[in-house]
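S.K.: Quick one: structure below, then a few questions.
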Amino acid sequence: MSTETVTLVEMGLRDGLQNETTPVPAEVRAQWFDALARTGLRRIEAGSFVSPKWVPQMASTDQVLAQIERHPGLWAEVLTPNLRGLEQALAADADVVAVFTAASESFTQKNINCSISESIERFRPVAEEARKAGKYLRAYVSCVVGCPYEGPIAPSRVADVVEQLLDLGADEISLGDTIGVARPREIHALLDAVLPLLPASKLALHCHDTRGQAVANIYAALARDIRIFDSAVAGLGGCPYAKGATGNVATEDVLYLLEGEGFATGVDLNAVARVGHDICTYLGRANPSRVGRALQS
């Protein structure tokens, strides 16, 4: 029997860096992208086409895409909140474009200043144009277990948003535990509600490690045939609209789990740890990844 494959979508250069106080030049971000690609990662978020006024750390994402090395099978992914963002993404030849909403009305209002239904209608022309351009469309759902403003989120509410995104034409949906409150039981309840709507192969899990449960939650999702996980090198990131939400689960920590469980990723764990160490050194911050620290000690 062949080893099962798990795909990691590397978030560090977008969801990670957007929460750093100091913007990183496009040239350096492109170098980090190439370094991550050399580790074997095949899906890497290069940035987002949002207004620099709101997220200055993501300015010049077009320059990042212009400077990276392109390889067959390597996807450069970007966040595109509107048609203007999509136009920029297409001009920069991004491979994957992503839209984002939430399962919480309050969070959606705080994050993108509209209701959930309004956000999805706003994405409809983006989805149509992305499809015309032959681009893979990813959709993020934030706050799938808990919201910093509303508290616990019912799985049925997430399922309702997922249905609307599928109707929009999303090729893949990433479920985000944005504030890191989920535990395996909540993950199973969430998947009970969502998996009847789409194949497991079209679903990704995006865990934050605020309460140290991200790896346990990924382990639970593996048992439900989820094979796509979002992670960030060195556990970079957080959420500017979610107080207290610490970084994404570290790519190094997820890789260590997956290797131990016999899954194939095609990614060199030690190489990722070296990149994580270099990025943290540049940023002048401690490395949140336990595995990353262990491998660099």
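The values are calculated or read from the model by the stated rules, or taken from the named source; none is laboratory data. All values reported here derive from a predicted model rather than from experimental measurement. Methodologically, a virtual Cβ is constructed for each residue, glycine included, from the backbone with ideal geometry; neighbour enumeration extends over all protein chains shown.
S.K.: Say we look at segment 72-89 and pick out the residues that are within 14 Å of P125 (Cα to Cα) and of a type outside the set (V, I, T); which of these is surrounded by the most Cβ atoms within 10 Å (Cβ to Cβ)? Break it down stepwise before answering.
M.R.: Going residue by residue through segment 72-89, those that are within 14 Å of P125 (Cα to Cα) are 80-87.
Restricting the remaining residues to those that are of a type outside the set (V, I, T) gives 81-87.
Numbers: P81: 22, N82: 16, L83: 14, R84: 13, G85: 21, L86: 26, E87: 14.
Among them, the one singled out is L86.
S.K.: Now for a separate question. Would it be correct to say that D93 is assigned to a loop (DSSP other than H, G, I, E, B), modelled with pLDDT of 95 or more, more than 16 Å from the chain's Cα centre (by Cα) and of a type outside the set (V, I, T)? Steps first, answer last, please.
M.R.: Details: assigned to a loop (DSSP other than H, G, I, E, B): yes; modelled with pLDDT of 95 or more: yes; more than 16 Å from the chain's Cα centre (by Cα): yes; of a type outside the set (V, I, T): yes.
Here the answer is yes, as D93 does meet what is asked.
S.K.: Could I ask something else about it? Given (1) surrounded by 17 or more Cβ atoms within 10 Å (Cβ to Cβ); (2) touching a residue at least 60 places away in the same chain (Cβ under 8 Å); (3) in a helix (DSSP H, G or I), where does V64 come up short, assuming only one miss?
M.R.: Unmet condition: (2).
S.K.: Take the conditions in contact with a Lys or Arg (Cβ under 6 Å, 6 or more places away or on another chain), surrounded by 24 or more Cβ atoms within 10 Å (Cβ to Cβ) and in contact (Cβ under 8 Å) with a residue 12 or more places away in the chain and apply them to A98. Does it pass? Break it down stepwise before answering.
M.R.: Working: in contact with a Lys or Arg (Cβ under 6 Å, 6 or more places away or on another chain): yes; surrounded by 24 or more Cβ atoms within 10 Å (Cβ to Cβ): yes; in contact (Cβ under 8 Å) with a residue 12 or more places away in the chain: yes.
Against the criterion (in contact with a Lys or Arg (Cβ under 6 Å, 6 or more places away or on another chain), surrounded by 24 or more Cβ atoms within 10 Å (Cβ to Cβ) and in contact (Cβ under 8 Å) with a residue 12 or more places away in the chain), A98 qualifies.
S.K.: So which of A182, A216, A170 ends up being of a type in the set (G, A, S) and either within 20 Å of G12 (Cα to Cα) or assigned to a helix (DSSP H, G or I) (or both)? Step through it out loud before you land on a result.
M.R.: On the way: A182 fails: either within 20 Å of G12 (Cα to Cα) or assigned to a helix (DSSP H, G or I) (or both); A170 fails: either within 20 Å of G12 (Cα to Cα) or assigned to a helix (DSSP H, G or I) (or both).
None of the others qualify; the one that does is A216.
S.K.: Something else now. Select, from V9, V99, V24, V78, the only residue that is on the phi < 0 side of the Ramachandran plot, at pLDDT 95 or above, over 16 Å from the mean Cα position of the chain (by Cα) and not in a helix (DSSP H, G or I). So that I can check it myself, show each step before the final result.
M.R.: Numbers: V9 fails: over 16 Å from the mean Cα position of the chain (by Cα); V99 fails: over 16 Å from the mean Cα position of the chain (by Cα); V78 fails: over 16 Å from the mean Cα position of the chain (by Cα).
Result: V24 is the single residue among V9, V99, V24, V78 that is on the phi < 0 side of the Ramachandran plot, at pLDDT 95 or above, over 16 Å from the mean Cα position of the chain (by Cα) and not in a helix (DSSP H, G or I).
Listed here are the residues, each with its yes/no results for (1) surrounded by 15 or more Cβ atoms within 10 Å (Cβ to Cβ); (2) in a helix (DSSP H, G or I); (3) at pLDDT below 95.
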position: V126; (1), (2), (3): yes, yes, no
position: E129; (1), (2), (3): yes, yes, no
position: S156; (1), (2), (3): no, yes, no
position: S174; (1), (2), (3): yes, no, no
position: I187; (1), (2), (3): yes, yes, no
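S.K.: Can you pull out every residue in segment 257-274 that is assigned to a helix (DSSP H, G or I) and of a type in the set (D, E)?
M.R.: So the first thing to find is which residues in segment 257-274 are assigned to a helix (DSSP H, G or I), and the list is 257-260, 269-274.
Correct list: E259 only.
S.K.: Okay, moving on. Just to verify a result, which residue in segment 35-61, among those that are of a type in the set (D, E, K, R) and surrounded by fewer than 16 Cβ atoms within 10 Å (Cβ to Cβ), is farthest from the chain's Cα centre (by Cα)? Lay out the reasoning, then the answer.
M.R.: Of all residues in segment 35-61, those of a type in the set (D, E, K, R) come to 38, 42-43, 45, 53.
Applying the additional criterion that residues be surrounded by fewer than 16 Cβ atoms within 10 Å (Cβ to Cβ) yields 38, 53.
Details: R38: 19, K53: 22 Å.
It comes out as K53.
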